[in-house]
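Heads up, the thing below is written out as structure tokens.
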Amino acid sequence: MRQGKVSFLWDVGSGVGRVEYPHLTIHDGKWHRIEASRNGLNGTISVYPLEGAMAGLMPTPASANSPSAFTILDVDQNAYLFVGGILGTVKKADAVRTTTFTGCMGETFLDKKPIGLWNYRDRQGDCQGCTVSPQRSEGEGTVQLDGEGYAGVGRPVRWNPNSSTVTFKFRTFSSDALLMYLATDDLKDFMSLELSEGKVKVTFDLGSGVGTATSASRHNDGRWKSLTMTRNKKQAAVTIVDVDSSSEEKMAATSQGSATGLNLKEKQKIYFGGLPTLGNYRSEATTQRYAGCLRDIEISRTPYNLLGSLDYTGVTKGCSVENIYTVSFSKPGYLELSGLSLAVATEISLSFSTQTDTGTILLAVSGANQQDDPKPYLSIMLNKGALEVLVSTGSHNTRRVIRRAEQGLLHDGREHSLRIERLAGRSFAVQVDEEPKREAALPNDQPIGLRRVFLGGIPAAVELSSNRANVPFQGCIWDLMVNTVLSDFSQPASFENADIGRCPRLDPAPPSVPLLPPRVEETPAPEPQPQPPPARATPSPGPSRDSCGPGAAPVVLEKAYQFGLAKNSHITFTFDDTKVRERLIMEFELRTSEASGLVLYMARINHADFVTIQIKEGQVCLGYDLGHGNTSGCVPFSINDGMWHKIRMNRNKQRAILMVDGRYTKQMTSPKKADLLDVVGRLYVGGLPHNYTSKRIGPILYSISGCIRNFKMVGGAITRPEDFNLDMASPASTYMVGSCFVSTETGTYFDGTGYVKAVSTYRVGLDVSVALEFRTSRTNGVLLAISNQGNDGLGLEISQGKVLFHVDNGAGRITAEHIPENSAGLCDGQWHEVVAHKLRHRLVLEVDGQRSQAESPHTRSNTCDTNDPVYVGGYPRGVRQAALSTSTSFRGCMRNLKITKASKVMEVHFNKALEIRGVQPLSCPAVAA
């Protein structure tokens, strides 16, 4: 820290890199969080305020590069890490100007591993305890295991040998790992739950024979799963539910023989996530330790918090499976990521370690079928100890750089780095570790589009289409970086047998630590990328060639803003908090049809003081606390009628008046004698951000679905009011806020440029029904699509003014067609009701009560095998749809979308969709689109 600003310095052998965080000074007595990371030449630093008016804001990272050539920081297990200063006996780098720090520190991590500041090897000076730093809120009992630890807990006091129930939630990318294990001392009775190739496996023995079952699906996709196992004597049933999608899988197992009881004694332990190194265990259970999260653990109705155990290691509070940059492969597998463009000045770097001399490290292909014509690709692989980098532009011979095994082993289990640069002048360069660069010529300077990137190997389908053999890689790959941007492995396009987030140590154990440290290790930590707020929704673009019917663009209200497009839809204002201590007036107009939602909120850092306005059961409610007790009340007048209503709140010290439409009022007075409002100078309108919540105002924390305009806020002393002049067009930040139409009706508006990703995975199977209502101003447009990357798929679309329902069960597409009878067709400004039934190999399409049918001659081909997203109104570029004839996005309004399968109805709520582009949920312009 210099003059209150934080600097990050590093030197990897070719000169000092330095970046100063310019946006904040930290010598203000408040807590801040500092995150610094280095990858290759690039260093990045972010400073997060944890207290004060700026608390909760996502920072803008600052970054810089060190002088080129060297990229490896040569430190090892013998290096020392200093916190708060440097020992006087250690020689420091000349670039480091300061050697001491005065203040408090807490929550220190190196490469995501916590550093115990009181578990030091040596210290100098006056180091004392300090106030606890602000903690990130996590669910009680939620823990993360690092893949190298375990937790042991005692058996429940109430234990029935003949029946037991185990339930917990887990979230992981681990392919093979132990979830839970218990056994008697003689190992006759035991039970285990584990992951095997990503599938949940249950095994148990009651003393007379083993029972086992394995799930059909993989459950290691990084999403929360709820697992419940119930055993009644010899019969065991396991249910796994995806917490987000509510999809579930069930399986059952029966133990052999006549024994019916699992006779676990009181002092015998139950283990989660792994087993101690020393001990005797049943051979059926895996000893592979678990990397991932666990929560809500209950055994026979007894809850467990693993951090409350006396026997655990490698377990920390909270859960983070985002921003993962490491993957390992112990058996043939792969990890697929999104594509890249290999243009001039593009730089790709990664690190790897392996003990196998042959394997595919990275293969990037164009994504097109490559059997007929040569297509572009980039290949990085080890071939009998030699490193081969091959680049093909698709139109000329492959160009390659080879680094031979005689120049040094790369499969020695140690860490190695690789950089590839596309150079101007039609060439590319490859650098291994810090060896001299090797260059090769290319036929041109044109960018090479590579839409699919694979690490560690390739799937069978790509092996066939690319004419490249799959040579599996065994070992670790980490820090894949394209133009200084790290690739997040927690967001894979697909993967198989890839241990995401884990990297077992392969190199030999280091020698013992010397008494004096020769060098100091820097403290890089992976930096989470702030999520940029999406652009404000815009009205429909100009008319296209297939526009029809009443095609006037919807009329948008100026200076009115639609909230509720997502749960955390909001805008943020900053203000001088000292000017609301005595007096606060807020006034605005609201239009909503919803019964409940959060309208605005401001609070102190610990939420002891706060002010909020919410809609509860259609009524406007005010709540506030001046530090000595909550006061709340509602105006007994319903405003959720879709009309504009004026709301005004006026607080003078303890007393407050809430008024609706200048007529209906509610008066309140806060308890005791507290009369000053002490809040942070941040006001949230319409909802709350993702990383911000409150336990003071009840369950209504979600954004209000409605429009707000003419927002005003006044503060100041009682005798000198001051207008804050807040402008909703230029807030401090905004998230998922759209436009308001002059007049609306129920529905969701599609502007003709995007789509909604409604469901992440859906299996069409034998039978399914889709029902929806739409109103359009185009003769072409996608209504709904589900497709795998083969031939199976289901599609519903408007094509040349007709409604088409396509299904392909793998034996060819079948289509039911509806042709409108009236001259205006579907472009008549009216709502049209569509119901589409897939009944094995038959289709039934009903549009406004008129029925059309189609049937496939291939009666045995009756299952549509998808496990893919459901897209509505369009689909992203690059996504294949086997059952559509148009790629044009839908323009108009849609409502009441339901997908029914086996009497189970799934209602699609567009404001809760996984992904939204060019779509505004919750409101539809009442005039024809």
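We did not get these values from a lab; they are worked out from the coordinates using the rules stated. Please read all numbers here as calculations on a predicted model, not as lab measurements. Cβ atoms come from the backbone with ideal geometry, glycine included; neighbour counts cover every protein chain shown.
Quick notes on this one:
- A convex hull fitted to the Cα coordinates of the stretch 143-317 yields 100 cubic angstrom per residue.
- Cα→Cβ-extended label distance, 7 Å offset, between residue 331 and residue 674, nm: 6.0 nm
- Unit charges on C-beta of K, R, D, E only; dipole of the stretch 556-741, Debye: 420 debye
- The fewest-to-most ranking of 798, 240 by surrounding Cβ atoms within 10 Å reads 240, 798.
- Sequence-separation-based contact order of the chain, relative, with Cα cut under 8 Å and 6+ spacing, percent: 10 percent
- With a Förster radius of 41 Å applied to the beta-carbon distance between residue 467 and residue 14, the computed FRET efficiency rounds to 0.50.
- Between residue 384 and residue 427, the modelled label-to-label distance comes to 2.9 nm, taking each label 7 Å out from Cα in the direction of the beta carbon.
- Prolate/oblate/rounded label for the chain (Cα gyration tensor, a/c 1.5): rounded
- A cut-off under 11 angstrom between Cβ atoms defines the neighbours of residue 608, and their net charge, with Lys, Arg +1 and Asp, Glu -1, is -1.
- Potential extension, residue 717-residue 287 segment - 0.36 nm per residue separation minus Cα distance: 148.0 nm
- Separation of the stretch 620-654 and the stretch 872-919, taken as the distance between their Cα centroids, equals 38 angstrom.
- For the stretch 3-96, a simple Cβ point-charge model (Lys and Arg +1, Asp and Glu -1, everything else neutral) yields a dipole of about 100 debye relative to the Cα centre.
- Rounded to two decimals, the Cα-based Rg/Rh of the stretch 609-693, with Kirkwood Rh, is 0.98.
- Cβ screening of the chain for cysteine pairs under 4.7 Å finds these without a partner: 127, 864.
- Residue 821/residue 667 FRET efficiency (R0 56 Å; Cβ-Cβ; nearest 0.05): 0.35
- All C-alpha pair distances within the stretch 746-925, sorted into 5 Å bins from zero, spread as 2, 9, 19, 23, 22, 16, 7, 2, 0, 0 percent across the bins.
- Modelled label reach - residue 446, point 7 Å along Cα→Cβ, the stretch 334-360 residues with backbone N closer than 16 Å: 341-344
- Within-12-Å neighbourhood charge of residue 818 [Cβ basis; K, R +1; D, E -1]: -4
- Förster-model FRET efficiency, 30 Å R0, residue 397 and residue 915, C-beta, rounded to 0.05: 0.15
- Furthest towards positive pole of dipole, 814, 485, 702, structure part the chain, Cβ charges: 702
- Global form of the stretch 556-741, assessed from the alpha-carbon gyration tensor, a/c cut-off 1.5: rounded
- What you get for the stretch 322-442, charging only the Cβ of Lys and Arg (+1) and of Asp and Glu (-1), is a dipole of about 300 debye around the Cα centre.
- For the chain, calculated [θ]222 nm from helices alone, where every DSSP H run of n ≥ 4 adds -39500 (n - 2.57): 0 deg cm²/dmol
- Centre separation in Å (Cα based) which lies between the stretch 755-777 and the stretch 459-494: 31 Å
- With a simple spin-label model that places each label point 7 Å from the Cα along the Cα-to-Cβ direction, the separation between residue 771 and residue 210 comes to 4.9 nm.
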